[in-house]
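A.B. asks: I have a structure here, written as structure tokens, and I will follow up with some questions on it.
The values are calculated or read from the model by the stated rules, or taken from the named source; none is laboratory data. All values derive from a computational prediction rather than experimental measurement. Cβ atoms come from the backbone with ideal geometry, glycine included; neighbour counts cover every protein chain shown. The protein model used for the area step is the full one, side chains on, heavy atoms only, and it has no ligands, DNA or RNA in it. Shrake-Rupley method; radii C 1.70, N 1.55, O 1.52, S 1.80 Å.
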Amino acid sequence: MAAMKGEQMDKFDDVLISNQLFAQNFTSEELTGIALKGLAIVTCMDSRIDPLRIVGMQAGDAKILRNAGARVTEDVLRTLVLATHLLGVNRVLVMPHTDCRMASSDEDGIHEAISKQSGVDTRSLDFQTTTDQRGALLKDIVKIESYPLLHDEVKVMGAIYDVKSGLLTNIN
């Protein structure tokens, strides 16, 4: 068992070494949990997306909520309630992106792809895929705007991030 634990740690050596380098020049100790620019960004987990840089911000300026497809789920709403009431958020940007796997297949297609690649049956999960990304984004905006536990003064914008150009296209 000890050898297995050591092997697992070896798989994270790059992470720990990089963190040591990061910590040598760390300068954010004065930041609090408050979103300094009052913004929350709901975006996809896609590693091509650097949410703060896309909107010209830096650490401490905004809250970042990520999931597959940038969908407004119950967990996103729960997090936005905390962010808007306790952490200075008064604006929400919902930002899905082009070339997203969650917008290029339906539920059955995603389940089939996972089963084929990994042999795992994921049909008990709802991945919230969409073949109408713009329509899904508009529905997600309405979900936030109509959520009764959020302040009426919270402003919501939807924009699709283009992973090839770096540009946002405002949807609402």
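A.B. asks: Only residues that are closer than 24 Å to Thr32 by Cα, touching a residue at least 12 places away in the same chain (Cβ under 8 Å), open to solvent by 30 Å² or more (accessible area, probe 1.4 Å) and within 17 Å of the chain's Cα centre (by Cα): list them for region 82-139, please.
C.D. replies: Selection gives Arg91 alone.
A.B. asks: Are any residues in region 38-75 touching a Gly at 6+ places or on another chain (Cβ under 7 Å) and part of a loop (DSSP other than H, G, I, E, B), and if so, which ones?
C.D. replies: Within region 38-75, just Gly38 meets the criteria.
A.B. asks: Here's something else I'd like to know. Listed residues Ile54, Ile49; which is in contact (Cβ under 8 Å) with a residue 60 or more places away in the chain, hydrophobic (A, V, I, L, M, F, W, C), farther than 26 Å from His151 by Cβ and touching a strand residue (DSSP E or B) at 6+ places or on another chain (Cβ under 9 Å)?
C.D. replies: On inspection, the qualifying residue turns out to be Ile49.
A.B. asks: Being closer than 23 Å to Tyr161 by Cβ and among the β-branched types (Val, Ile, Thr) is the filter here, so list the residues in region 109-137 that pass it.
C.D. replies: Ile110, Thr129, Thr130, Thr131
A.B. asks: Report, by residue number, each residue of region 148-162 that is part of a loop (DSSP other than H, G, I, E, B) and open to solvent by 30 Å² or more (accessible area, probe 1.4 Å).
C.D. replies: Within region 148-162, Pro148, Leu149, His151, Asp152, Glu153, Asp162 qualify.
A.B. asks: (1) open to solvent by 80 Å² or more (accessible area, probe 1.4 Å); (2) closer than 27 Å to Ser28 by Cβ: which one isn't true of Glu145, the others all being true?
C.D. replies: So the condition that Glu145 fails would be (2).
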